[in-house]
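Right, one structure below, let's go through it.
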Amino acid sequence: MKTRRKPTFLLGLALALIFVLPGCDDLETGNREPCVPDSARCSGNLVERCLVSGNSWHVVKDCGDTASCVEGICLDDSCTPGTRLCAADNLYECAQSGTFWTRTVCAEGTWCLFGECVECVSDEGCPDGEVCDGTACVPSAVRITSVTLPEGVVGTPYEAELTAERGGAPYAWSLDAGTLPPGLALAPETGLITGNPLQEGDYPFTVTVTDAVDARDTRELTIRIRGTGLDLVTSPNLPLAEEGLPYEVQLRAAGGLLPYGWMLHDGVLPEGLELFADGRIAGTPTEIGVFPFEARVFDSLEPPQYATGAFTITVRMAPLELYGETEYNFYVTKIIVLDMIFPYFPYEEQLLARGGLRPHLFQERPVPSSLSTMLLVSGVDTSSWGVPDGLTLEPEGRLHGSRTDVSDAQTVTIPVSNITVTGYFFYARVSDSQFPPAFQEAVFVIPTVPLSEP
């Protein structure tokens, strides 16, 4: 059985509210003696509170000449009629005359909180079968807790239990609308649905539970019965995948008894993809081609049924592309900003490309005349562009080296974006391994100072 518990955090909050009112600043340290943390008492006309450590009392308020200390609170000699205060689980209320207080002892099993004798503040404070209705524990209404019921298989023993909570036991169950699958029956005393399903299909029905005081609750439920066979229902040709891009597809089956388990039976998946036990094929393919394979699904019968199917995933080549963490589009080309370079510090950066047929080949190229002319119109002179002395661009795209001086860096306002950057600019191409190769080109920037936006 659940026992009632006082919400100690609320009691602490109530005491804190009392002790932080104007005029409640700490006055002095009281006696050092063990006490219950946050409890309060009177010492003469002073209010003392036990420290959180529980090892001493602390004076928090002097009730003065116009109030009296009673059970750890100050009760004004002149008060507003109807005002209520709590102290030591006692309720104090200002009389209609406004000249004295009446004391009410809260009943056993209740406590005083915010000027009221309460039995609970939440359902957790009430015994089993009861809920908190404001401040009192009351019998709770019966409620059906079953939401979904397990699936069944034709000819396989089935059992499911309807469940309810609250209200007063014992419960009685009844079928009010719809029908159970042929071969199944509901036991009114226990809520068990048992039997051997005879026919597949979906069977919706309405069930009612009645408790000992004739309170009721009703719910609509459905039982699905599957056939004896287990079949794959996913098309053999799976959706097209693209190298380097995330991919996910769900293999599906029907029949048998859920849940299913999946495994790769024959063949291989593209590198980067994996068949998970729940039937998902997911990952990022890193190779191109056509990949036939066989997958097998098992159901949960004892012994399990299984079905095997042939599938194919085609991974196509993604378009070749140069990219970077920071990049801008300028009409016919892309501007990619690399890491900053500092004098005397070793520089290491990797030019990035995706798609196409690996391996990729990187090369510095002269700025095309058409692009140079367009940039010149925008006030950008490309005649001094190139990988700066001291740095080397390797065929695999690794850019490395160092410089002792960056005073010859060029300051350029990137057209369209209006972002100004000081650094070194060069033009480069990436080619793939097709014949003839595909290629992409871009402007690369090695900044020497942070980018600034005017």
Exercise. Right, Thr163: free of Cβ contacts under 8 Å to residues at least 60 places away in the same chain, over 30 Å from Glu200 (Cβ atoms) and out of contact with any Lys or Arg (no Cβ under 6 Å at 6 or more places or on another chain) or not?
Worked result: no
Problem set entry | Scan of region 351-383 for residues that are crowded, with 16+ Cβ neighbours inside 10 Å and farther than 17 Å from Tyr323 by Cα, ordered by number | Val367, Leu371, Ser372, Met374, Leu375, Val380, Thr382
Problem set entry | Pairs where the first residue, in region 346-374, is free of Cβ contacts under 8 Å to residues at least 12 places away in the same chain and the second is in a loop (DSSP other than H, G, I, E, B) and not basic (Lys, Arg), C-beta under 7 Å, 6+ apart | Ser372/Thr382
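Suppose the filter is within 17 Å of Glu159 (Cβ to Cβ), touching a residue at least 40 places away in the same chain (Cβ under 8 Å) and over 38 Å from the mean Cα position of the chain (by Cα); does Pro188 pass it? Break it down into steps so the answer makes sense when it comes.
Working: within 17 Å of Glu159 (Cβ to Cβ): yes; touching a residue at least 40 places away in the same chain (Cβ under 8 Å): no; over 38 Å from the mean Cα position of the chain (by Cα): yes.
So Pro188 fails the test.
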Exercise. Across region 340-367, which residue is farthest from Pro319 (Cα to Cα) among those that are in contact with a strand residue (DSSP E or B) (Cβ under 7 Å, 6 or more places away or on another chain) and outside any strand (DSSP E or B)?
Worked result: Ile341
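Yes/no per residue for (1) modelled with pLDDT of 90 or more; (2) not in a loop (DSSP other than H, G, I, E, B):
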| site | (1), (2) |
| --- | --- |
| Leu375 | no, yes |
| Gly379 | no, no |
| Thr382 | yes, no |
| Asp389 | yes, no |
| Arg403 | yes, no |
| Val412 | no, yes |
| Gly423 | yes, yes |
| Tyr427 | yes, yes |
| Val430 | yes, yes |
Exercise. In region 51-70, which residue that is surrounded by fewer than 17 Cβ atoms within 10 Å (Cβ to Cβ) and among the small types (Gly, Ala, Ser) is nearest to Cys112 (Cα to Cα)?
Worked result: Ser68
For this session: Hey, can you tell me all the residues within region 179-200 that are closer than 30 Å to Val213 by Cβ and in a loop (DSSP other than H, G, I, E, B)?
Result: Thr179, Leu180, Ala187, Pro188, Glu189, Thr190, Gly191
Exercise. Before we move on, is Glu294 touching a Leu at 6+ places or on another chain (Cβ under 8 Å) and surrounded by fewer than 14 Cβ atoms within 10 Å (Cβ to Cβ)?
Worked result: yes
Problem set entry | Breaking point among (1) at pLDDT 95 or above; (2) within 36 Å of the chain's Cα centre (by Cα), for Trp173 | (2)
Exercise. Among the residues of region 199-236, how many are modelled with pLDDT under 90 and at positive phi?
Worked result: 1
For this session: For region 206-227, name all the residues that are closer than 30 Å to Glu302 by Cβ and either surrounded by 15 or more Cβ atoms within 10 Å (Cβ to Cβ) or charged (D, E, K, R) (or both).
Result: Val207, Leu221, Ile223, Arg224, Ile225, Arg226, Gly227
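Would you check which residues across region 286-306 are at pLDDT below 95 and assigned to a strand (DSSP E or B) and list them? Even if it seems obvious, please write down each step before you answer.
Going through region 286-306, the residues at pLDDT below 95 turn out to be 286-289, 299-306.
The answer is Gly289, Tyr306.
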Problem set entry | So Glu302, is it without any contact (Cβ under 8 Å) to a residue 24 or more places away in the chain, assigned by TED's automatic domain parsing to the domain that holds Asp266 and surrounded by fewer than 17 Cβ atoms within 10 Å (Cβ to Cβ) | yes
Exercise. Identify, please: which residue in region 71-94 is at pLDDT 90 or above and among the β-branched types (Val, Ile, Thr) and is, among those, surrounded by the most Cβ atoms within 10 Å (Cβ to Cβ)?
Worked result: Thr83
For this session: Go through the residues of region 128-149 one by one and say whether even a single one is crowded, with 19+ Cβ neighbours inside 10 Å, closer than 30 Å to Val207 by Cβ and of a type in the set (Asp, Glu).
Result: yes
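Here is a list: Glu159, Glu124, Glu108. Which entry is part of a strand (DSSP E or B), exposed (fewer than 14 other Cβ atoms within 10 Å of the Cβ) and acidic (Asp, Glu)? Talk me through it step by step, then tell me what you get.
Values: Glu124 fails: part of a strand (DSSP E or B); Glu108 fails: part of a strand (DSSP E or B).
Going through Glu159, Glu124, Glu108 in turn, just one is part of a strand (DSSP E or B), exposed (fewer than 14 other Cβ atoms within 10 Å of the Cβ) and acidic (Asp, Glu): Glu159.
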Exercise. Quick one: Asp176 ticks every box in (1) over 27 Å from Gly255 (Cα atoms); (2) touching a residue at least 60 places away in the same chain (Cβ under 8 Å); (3) assigned to a strand (DSSP E or B) bar one, so which box is it?
Worked result: (2)
Seminar exercise, completed: Note on region 272-312: residues more than 33 Å from the chain's Cα centre (by Cα), hydroxyl-bearing (Ser, Thr, Tyr) and within 29 Å of Gly152 (Cβ to Cβ) are Tyr306, Thr308
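Would you mind finding the one in Glu348, Glu394 that is surrounded by fewer than 15 Cβ atoms within 10 Å (Cβ to Cβ), within 14 Å of Leu338 (Cβ to Cβ) and at pLDDT 90 or above? Break it down stepwise before answering.
On the way: Glu394 fails: within 14 Å of Leu338 (Cβ to Cβ).
Exactly one residue qualifies, and that residue is Glu348.
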Exercise. Quick one: in region 320-339, which of the residues that are part of a loop (DSSP other than H, G, I, E, B) and more than 22 Å from Pro368 (Cα to Cα) is nearest to the chain's Cα centre (by Cα)?
Worked result: Glu325
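The values are calculated or read from the model by the stated rules, or taken from the named source; none is laboratory data. Note that the coordinates shown come from a computational prediction; the quantities given were computed from them, not determined experimentally. Here Cβ is always computed from backbone atoms with ideal geometry, including for glycine, and neighbour counts include all displayed protein chains.
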